[in-house]
Every structure is written in C-alpha cells, then in structure tokens.
1. Anything in segment 79-88 that is part of a loop (DSSP other than H, G, I, E, B) and either modelled with pLDDT under 90 or out of contact with any helix residue (DSSP H, G or I) (no Cβ under 6 Å at 6 or more places or on another chain) (or both)? List them, or say none.
2. Just to check your reading of the model, which residue among Leu48, Leu54, Leu62 is among the aliphatic types (A, V, I, L, M) and closer than 30 Å to Asp5 by Cβ?
3. Out of all the residues in segment 38-53, which are among the hydrophobic types (A, V, I, L, M, F, W, C) and loosely packed, with under 11 Cβ neighbours inside 10 Å?
4. How many residues, within segment 54-77, are loosely packed, with under 13 Cβ neighbours inside 10 Å and assigned to a loop (DSSP other than H, G, I, E, B)?
5. Go over the candidates Ser104, Ser35 one by one and state the one that is surrounded by 10 or more Cβ atoms within 10 Å (Cβ to Cβ), of a type in the set (Ser, Thr, Tyr) and out of contact with any Cys (no Cβ under 9 Å at 6 or more places or on another chain).
6. Would you please name the residue that is farthest from Leu42 (Cα to Cα), looking only at residues in segment 73-92 that are more than 18 Å from the chain's Cα centre (by Cα) and of a type in the set (D, E, K, R)?
7. Restricting to segment 1-50, name every residue that is among the polar types (S, T, N, Q), in contact (Cβ under 8 Å) with a residue 24 or more places away in the chain and assigned to a loop (DSSP other than H, G, I, E, B).
8. Can you name the residue in segment 51-72 that is within 25 Å of Ala13 (Cβ to Cβ) and at pLDDT 95 or above and, of all such residues, is nearest to the chain's Cα centre (by Cα)?
Amino acid sequence: VHYQDSDFSEAGAMVVDSADQVYKADLILKVAPPSHREIEMLRPKQILFSALQLNVQPKDTLRRMMEKKITAVAWDFIKDREGIYPIIRAMGEIAGNTAILIAS
C-alpha cells in the first residue's frame, strides 16, 4: 500500500521535508535504534519510542541520551502479561510474510 503525503495531512498530520524538522516533534517513533546523528538531533526532554537494542548499543549512545534527559521507551523490551513480546512478534510476522513474497 502506498500512501500519499496528502493522505497523512488530511488525517491531521504535519508533513515536513527533513529529518531536522521531524526531530522537532515532542515524540519520536522509530523502528530501528537511533543513530548517533539522530541522538544529536534530539532535544532535551524529548520522548523516543524505538527499539534500543540495549545489549549492543554503545555506552556513549545511552550516556548521551541520559545527558539530554531523553525519555526512551525500548519497544523491544515491552512484554505482555503472558511474558510475550507483542511488538517483536508482530515484526517477526511481517518479516516472515515479506520473505515469502520476496521468495515467490
């Protein structure tokens, strides 16, 4: 499915032209962990909802987010009541379905 910018703006979103403009938002949602450049674009006390992959993230990356007082929510660590990681599960299903489409 391909969406046009107008689909988003008509639903109330503000469409911007650059990453610098995106990072002015109060809440940043990402699939991949933030890069060093993206962390530098974050403003103090901003909220980041992203995979953080804490086990492979360099300590200076986390330290920089702490210095900027970033509230970081690691979606890759969110569990439901049954101890299952629902977002990881959904991402795995998407990847599996995509692999089938690519292979066919």
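1. Selection gives Lys79, Arg81, Glu82, Gly83, Ile84, Tyr85.
2. Leu48
3. none
4. The number of residues fulfilling the criteria is 4.
5. From the options Ser104, Ser35, the qualifying one is Ser35.
6. The residue in question is Glu82.
7. Of everything in segment 1-50, just one residue is among the polar types (S, T, N, Q), in contact (Cβ under 8 Å) with a residue 24 or more places away in the chain and assigned to a loop (DSSP other than H, G, I, E, B), namely Gln46.
8. Taking the candidates together, the pick is Ala72.
The values are calculated or read from the model by the stated rules, or taken from the named source; none is laboratory data. Since this is a predicted model, take the numbers as computed values, not measurements. Please note: Cβ atoms are built from the backbone with ideal geometry, for glycine as well, and neighbour counts cover all protein chains shown.
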